[in-house]
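Quick notes on the structure that follows.
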Amino acid sequence: MLSQGIYLKSETSPLFENIQLTQIIPALVERAWRVGNLQALEEFETQMTNYK
């Protein structure tokens, strides 16, 4: 997160406070290695759409 011109480490997204970035990003990268970038991103988009 950028605060007053300085990047701060954050466990969650400032826009989506209930989403654990430190868990989701590594899982997304791992999934992309297994099934490919496009499929992993489509799955991620579906997950985020259903997350509401």
Ranked highest first by average number of other Cβ atoms within 10 Å, how do 4-16, 35-47 line up?
35-47, 4-16
What is the set of long-range amide H partners of I19 at a cut-off below 5 Å, with H atoms built 1.01 Å from backbone N?
S13
Can you give the calculated 222 nm mean residue ellipticity of the chain, where each DSSP H run of n ≥ 4 adds -39,500 (n - 2.57) and the sum is split over every residue, rounded to the nearest 500 deg cm²/dmol?
-19000 deg cm²/dmol
Between 0 and 90 degrees, rounded to the nearest ten: what's the tilt of helix 21-35 against the longest Cα principal axis of the chain?
20
Using the Kirkwood radius built from alpha carbon pairs, what does the Stokes-Einstein equation give as D for the chain at 4 °C and 1.567 mPa s, in µm² per second?
105
Excluding ligands, DNA and RNA, what is the solvent-accessible area per residue of the chain at a probe of 1.4 Å, expressed in Å²?
90
Nearest 10 degrees, 0 to 90: helix 37-51 Cα axis against the chain principal axis
70
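Measure off, as a whole percent, the carbon and sulfur share of the 1.4 Å-probe accessible area of the chain, all protein chains present.
The value for the chain is 57 percent carbon and sulfur by accessible area.
The values are calculated or read from the model by the stated rules, or taken from the named source; none is laboratory data. Just so it is clear, the structure is predicted and the values come from calculations on it, not from any experiment. Cβ sites come from the backbone with ideal geometry, for glycine too, and all protein chains shown count toward neighbours. Just so you know, the surface numbers come from the protein's heavy atoms only, side chains and all, with ligands and any DNA or RNA stripped out. Shrake-Rupley method; radii C 1.70, N 1.55, O 1.52, S 1.80 Å.
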